[in-house]
Amino acid sequence: MILRLLGRRLAALPLMILGITLLVFLVLQAAPGDQASTALGEGASEAAKQQYRQDNGLNDPLFVQYFRFLGRLLQLDLGVTTPPSKSVASMIASAFPLTLQLTFLGVIIAVVLSLVFGIIGALYRDKWQDQLVRIFSIAAIATPSFWLGILLIQWFALGDNPLFPSGGIATPESGFGGWLNSMALPALALGIPVSASLIRVVRTSMVEELDRDYVRTAIGNGVPYREVVSRNVLRNALVTPVTVLGLRIGYLLGGAVVIEMIFALPGMGQLILNGITNLDVNLVQGVVLTISVTFVLVNIVVDLLYLLINPRIRTV
């Protein structure tokens, strides 16, 4: 069943990527601005601009430009940036690992917080513990990541004895501890708002499972309550949260781009900001395509995890 699902997802992957490339290409082609003016400068003559458009195929019909773009993409060639010319692929290869690291830490924080608070809210439903969990989740879901990031900088990175750096990434000489120290505040700013929605999902799923007949039957047969919760209830209750987490990965990737700019991290956020500022179509296309394809691949992994967590699906 797992291999069959993986085969279906991988078979559909080229069509999804093709759709992503078409959408990104059309949106950027419709964006205001002139690539020739951006590359040569506003002071360039009209003849020079026209020659640039001719040399780079900008006068060709859109479908010709699109298929030329696809041809380069199949060779993993994302083009070069506007002067100074640099390989877009090499820039993304340098920046993307940092974005993945930040996203991964944000996922870890979101999952840990949602499991801890969601389980507490379900086990102590309608008691003061559950009320505190509700207050936290409502406050967190109403807090934008960028604003939370600014607050975390003010609280923990400023003053006479800052606990964390206010921005930048630690040098390799700092080791794992230095890296984690520099990534702590950005990861918290990214993960806490996402955990808020997951907390509600985990709590609701846990409450539904706790009210099922098999729980009462197991407890009536002498199975310890803690064992029923840890072995049966929790596993069954994780099916829906895992699905929701897969959908939130896109938010985490997009949020990482914003958080990187706040904390001055040299990731994909810096690249896309430079691309938009300079009207660098190749750079923006490369960043958006990379993030979009990553989101699609992550959701394939989430589908497989869903299958592993819920054995009943394997028999369907």
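The values are calculated or read from the model by the stated rules, or taken from the named source; none is laboratory data. None of these values were measured; they are calculated from a predicted model. Glycine also receives a Cβ, built like all others from the backbone with ideal geometry; neighbour counts cover every protein chain displayed. SASA here: full protein model, heavy atoms, side chains in, ligands and nucleic acids out. Shrake-Rupley method; radii C 1.70, N 1.55, O 1.52, S 1.80 Å.
Going residue by residue through the range 44-51, is there one that turns out to be part of a helix (DSSP H, G or I), among the basic types (Lys, Arg) and surrounded by 18 or more Cβ atoms within 10 Å (Cβ to Cβ)? Scanning the range 44-51, I find at least one residue that is part of a helix (DSSP H, G or I), among the basic types (Lys, Arg) and surrounded by 18 or more Cβ atoms within 10 Å (Cβ to Cβ), so the answer is yes. In the range 140-174, how many are without any contact (Cβ under 8 Å) to a residue 12 or more places away in the chain and open to solvent by less than 70 Å² (accessible area, probe 1.4 Å)? Going through the range 140-174 one residue at a time, the tally reaches 4.
Annotation note: Cβ proximity below 6 Å between a residue of the range 182-195 that is free of Cβ contacts under 8 Å to residues at least 40 places away in the same chain and a residue that is open to solvent by 10 Å² or more (accessible area, probe 1.4 Å) and acidic (Asp, Glu) (sequence gap 6+ or interchain) occurs for no pair.
If you check 204, 243, 277, which single one turns out to be under 30 Å from residue 147 (Cα atoms) and exposed (fewer than 14 other Cβ atoms within 10 Å of the Cβ)?
Exactly one residue qualifies, and that residue is 277.
The requirement of being in contact with a Phe, Trp or Tyr (Cβ under 7 Å, 6 or more places away or on another chain), assigned to a helix (DSSP H, G or I) and either farther than 10 Å from residue 286 by Cβ or open to solvent by less than 70 Å² (accessible area, probe 1.4 Å) (or both) is satisfied by residue 69.
Here is a yes/no grid of residues against (1) modelled with pLDDT of 85 or more; (2) part of a helix (DSSP H, G or I); (3) among the hydrophobic types (A, V, I, L, M, F, W, C):
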site: 133; (1), (2), (3): yes, yes, yes
site: 137; (1), (2), (3): yes, yes, no
site: 151; (1), (2), (3): yes, yes, yes
site: 164; (1), (2), (3): yes, no, yes
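Test residue 243 against the stated conditions and say whether it is over 28 Å from residue 263 (Cβ atoms) and either in contact with a Pro (Cβ under 8 Å, 6 or more places away or on another chain) or at pLDDT below 80 (or both). When the stated conditions are applied, residue 243 passes them.
Among the conditions (1) surrounded by fewer than 19 Cβ atoms within 10 Å (Cβ to Cβ); (2) in contact with a helix residue (DSSP H, G or I) (Cβ under 7 Å, 6 or more places away or on another chain); (3) at pLDDT 85 or above; (4) not in a loop (DSSP other than H, G, I, E, B), the only one that residue 125 does not satisfy is (4).
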